[in-house]
Amino acid sequence: MVAGRHPDDRHLTELIGELCMKSTEFAALWSRHPVLNCTFGVKYFHHPVVGQLELSFEVVQLPDDSAHRILIYSAEPGTPSEAALRLMRAGAQQPAAERAIQDF
């Protein structure tokens, strides 16, 4: 999004160019990714414990000129991604001592 808002930023352009040259994966992703107004969509994550997650996202721009944003992620109800988020939340609520014992 920053690249879309600041297309003349020399340092950012150089960084993107370097990443494209050094990573074919980045170059492929960059070539098809809308960067100016990408304010909603679906993102895919891999969590080391719960596995693959497919989450919808929405970007909320704060009303000031700070360029700060809030990203909101959610899973569709009844999906494996929702179950994975619930599992992660349950693990986060567990006391640290209990988690350490289970990891041992």
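The values are calculated or read from the model by the stated rules, or taken from the named source; none is laboratory data. Here the structure is a predicted model, which is why all the values come from computation and not from measurement. All Cβ positions, even for glycine, are placed from backbone atoms using ideal geometry, and neighbour counts span all protein chains on display. Each accessible area value is taken on the protein alone, full model and side chains, heavy atoms only, with ligands, DNA and RNA left out. Shrake-Rupley method; radii C 1.70, N 1.55, O 1.52, S 1.80 Å.
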Which order do the peptides 78-87, 40-49 come out in when sorted by mean C-beta neighbours inside 10 angstrom, highest first? 78-87, 40-49
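Taking all protein chains in place and a 1.4 Å probe, what share, in percent, of the accessible surface of the chain do carbon and sulfur account for? Could the numbers behind the result be given before it?
Values: 5000 of 8300 Å².
Carbon and sulfur: 60 percent of the exposed surface of the chain.
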Dipole magnitude of the chain about its Cα centre (Cβ charges: Lys, Arg +1; Asp, Glu -1), debye to nearest 20: 160
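Based on the alpha-carbon gyration tensor of the stretch 1-67 and its eigenvalue square roots a ≥ b ≥ c, which shape applies: rounded if a/c is under 1.5, prolate if not and a/b is larger than b/c, or oblate?
Numbers: a/c = 2.34, a/b = 1.15, b/c = 2.04.
In terms of gyration-tensor shape, oblate.
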Among 51, 27, 66 - extreme Cα towards positive end, dipole of the chain, charges at beta-carbon: 51
Relative contact order of the chain: what whole-number percent is it, with Cα pairs under 8 angstrom and at least 6 residues apart? 16
Accessible area per residue of the chain at 1.4 Å probe, in Å²? 80
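Once fully extended, how much extra length lies between residue 87 and residue 49, figured as 0.36 nm per residue of separation less the alpha-carbon to alpha-carbon distance? Don't skip to the answer; put the middle values down first.
Values: separation 38, 0.36 × 38 = 13.68 nm, distance 0.95 nm.
Between residue 87 and residue 49, full extension yields 12.7 nm more.
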